[in-house]
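The values are calculated or read from the model by the stated rules, or taken from the named source; none is laboratory data. Nothing here was measured: the structure is a model prediction, and the numbers come from that model. Here the Cβ is made from the backbone with ideal geometry for all residues, glycine too, and neighbour counts use every protein chain on show. Accessible surface areas use protein heavy atoms only, side chains included; no ligands, DNA or RNA. Shrake-Rupley method; radii C 1.70, N 1.55, O 1.52, S 1.80 Å.
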Amino acid sequence: HPDFDKVVVGILKNDPNAKFAVIQERYPGWAQKVLKRMEIESGATKEEISRIVFLPRTDWVTFLNYLYISNVIVDTFPFGGDTSSREALYVGTPIVTYPAQQLAGRYTQAFLKKNVKV
């Protein structure tokens, strides 16, 4: 989502050590379209774009390991995580979320309130 692009680019611009790991898309060409959109609409530089790493689609155990070795998960919006948020909490990786007005964008907030007593 373009609004989420701006957050990703903002983090990359403000933290020169930040990297984003994204699971490889199912649809060929999708990633390149999103990266181009980030460049055009959010002002991402080539260097910032280079810090977005695409990981291969994989089995569930390897995916949990991806979550486990991550410093933090940035919940997507306006449609947030559900299963992946629960999996990140399961392996103990912190999640940052920006809840949306729609139910689909509030799952992670609900999980955090239940588990962390926010």
>> Taking the criterion of being of a type in the set (D, E) and open to solvent by less than 30 Å² (accessible area, probe 1.4 Å), would at least one residue in region 18-25 satisfy it?
In response: no
>> Checking V61 against (1) surrounded by fewer than 18 Cβ atoms within 10 Å (Cβ to Cβ); (2) touching a residue at least 24 places away in the same chain (Cβ under 8 Å); (3) not in a loop (DSSP other than H, G, I, E, B), only one condition comes out false. Which one?
In response: (2)
> If you check K13, K19, which single one turns out to be at pLDDT 95 or above and either farther than 23 Å from R57 by Cβ or hydroxyl-bearing (S, T, Y) (or both)?
Replying inline: K13
> Of the numbered conditions (1) out of contact with any Ser or Thr (no Cβ under 7 Å at 6 or more places or on another chain); (2) within 19 Å of T108 (Cα to Cα); (3) open to solvent by less than 60 Å² (accessible area, probe 1.4 Å), T76 satisfies every one except a single condition; which is it?
Replying inline: (3)
> Got a number for residues in region 38-58 being without any contact (Cβ under 8 Å) to a residue 12 or more places away in the chain and of a type in the set (G, A, S)?
Replying inline: 1
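Kindly evaluate L35 against the criterion of being free of Cβ contacts under 8 Å to residues at least 60 places away in the same chain, open to solvent by less than 40 Å² (accessible area, probe 1.4 Å) and hydrophobic (A, V, I, L, M, F, W, C). Give the derivation first.
Values: free of Cβ contacts under 8 Å to residues at least 60 places away in the same chain: yes; open to solvent by less than 40 Å² (accessible area, probe 1.4 Å): yes; hydrophobic (A, V, I, L, M, F, W, C): yes.
Yes, satisfied.
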>> Looking at (1) over 17 Å from A18 (Cα atoms); (2) at pLDDT 90 or above, which one does L67 not meet, given that it meets all the others?
In response: (1)
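Would it be correct to say that L67 is open to solvent by less than 80 Å² (accessible area, probe 1.4 Å), within 22 Å of A31 (Cβ to Cβ) and more than 12 Å from the chain's Cα centre (by Cα)? Spell out how you get there, then give the answer.
Numbers: open to solvent by less than 80 Å² (accessible area, probe 1.4 Å): yes; within 22 Å of A31 (Cβ to Cβ): yes; more than 12 Å from the chain's Cα centre (by Cα): no.
Taking the combined requirement at face value, the residue does not satisfy it.
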>> Can you find a residue that is farther than 22 Å from D3 by Cα, part of a helix (DSSP H, G or I), open to solvent by 60 Å² or more (accessible area, probe 1.4 Å) and among the aromatic types (F, W, Y) anywhere in region 97-113?
In response: no
> In region 32-47, what residues are within 12 Å of L12 (Cβ to Cβ) and acidic (D, E)?
Replying inline: E39, E47
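Can you say whether A88 is among the small types (G, A, S), open to solvent by less than 40 Å² (accessible area, probe 1.4 Å) and part of a helix (DSSP H, G or I), as far as the supplied structure shows? Spell out how you get there, then give the answer.
Details: among the small types (G, A, S): yes; open to solvent by less than 40 Å² (accessible area, probe 1.4 Å): yes; part of a helix (DSSP H, G or I): yes.
Here the answer is yes, as A88 does meet what is asked.
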